[in-house]
Amino acid sequence: MNSKYCFSGRATTPGSSRYYAVRMAPANLRNHIALIFEWQWELQSIYYHCTDPGVALTKLQWYRDELPRALNGQTQHPLLILLAETAHSYQLPVQAFIEMTDAVEMEIRGVILKDISALKSYGQLGSGNLLQLVTRICDGNEQEQACASQLGAYIRLIEIVQNIGQDFQLGGCFLPLDIMEQHSLQPAQLAKSENEKTLQAILIRLSACAKEWNASIFNTLPSNRCPALIPVLALAASHSSLLSKLEKKEFAVLAQRISLTPLQKLWVSWRMYRHYK
């Protein structure tokens, strides 16, 4: 397998939250799970690195069209060749991969999320499908896959808070419009210093929402053993710790990117593994 696509490759680099999440999966599944993360990495790199929206949408459409061809053995793209093998081996639904491209298209087009419900749907479309596929590879049942989808939205919400400065620089804003309007704040006003306290209030509210989602999801889980969900739960645990750190830093996210250290990510992932293995 091409080293950049396997475990500890581009999408699961050592020290990242995804690296430790995949590390908690059985050894024989790690490369397959890493490929799912690589698919999302490939798609999101279009949003982050292609400055022309028209060109970005063309590239994204190529991946959307090429995936069915790859599943029929008709592609030359090295990632898609490997991804097709994994999809066949674990009977992964092609629709989940396609919906992940839909989430990135929303980002490229500058989606406006009108409320928390829209934000959650968007989170499940991208990260939710990603983690649902990971759980399916780990032999998760329908209930566990549904939990993974919900956790995907939870994780995406925390990433939105963490990356708000970077997204603003790219012209994107994934904060719910209704909450911004309640605080009389427009996306174009985010970076103004006089709006710092207003933005902080919005992010505090989103943090409370994320915690409510997380508590609701964990109430549906078994109290002890849940091996198929361990990679997803490890990733969620890292993001929960990240959210706590964002709160301690008072959500000062416009001019800096706050993150956990590799040791912190390892510790919270290991604790989750020990509890649910």
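The values are calculated or read from the model by the stated rules, or taken from the named source; none is laboratory data. Please read these numbers as outputs of a predicted model, since none were measured by experiment. In this analysis, Cβ positions are derived from the backbone assuming ideal geometry, glycine residues included, and neighbour counts consider all displayed protein chains.
Candidates Asn141, Asn163: the one that is closer than 25 Å to Tyr48 by Cα and either polar (S, T, N, Q) or without any contact (Cβ under 8 Å) to a residue 24 or more places away in the chain (or both) is Asn163.
Listed by position, the helices (runs of 4 or more DSSP H) contained in segment 87-153 that have at least 1 residues being touching a Pro at 6+ places or on another chain (Cβ under 8 Å) and within 12 Å of Leu229 (Cα to Cα) are 129-137.
Rundown of residues vs (1) under 23 Å from the mean Cα position of the chain (by Cα); (2) buried (at least 21 other Cβ atoms within 10 Å of the Cβ); (3) modelled with pLDDT of 95 or more, yes/no style:
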| residue | (1), (2), (3) |
| --- | --- |
| Cys173 | yes, no, no |
| Asn195 | no, no, no |
| Ala208 | yes, no, yes |
| Lys211 | yes, no, yes |
| Pro222 | no, no, no |
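Annotation note: of Leu235, Leu266, Leu242, the sole residue that is surrounded by fewer than 21 Cβ atoms within 10 Å (Cβ to Cβ), in contact (Cβ under 8 Å) with a residue 12 or more places away in the chain and not small (Gly, Ala, Ser) is Leu266.
Within segment 64-78, being of a type outside the set (Asp, Glu), assigned to a helix (DSSP H, G or I) and either without any contact (Cβ under 8 Å) to a residue 12 or more places away in the chain or touching a helix residue (DSSP H, G or I) at 6+ places or on another chain (Cβ under 6 Å) (or both) holds for Arg64, Leu67, Arg69, Ala70, Leu71.
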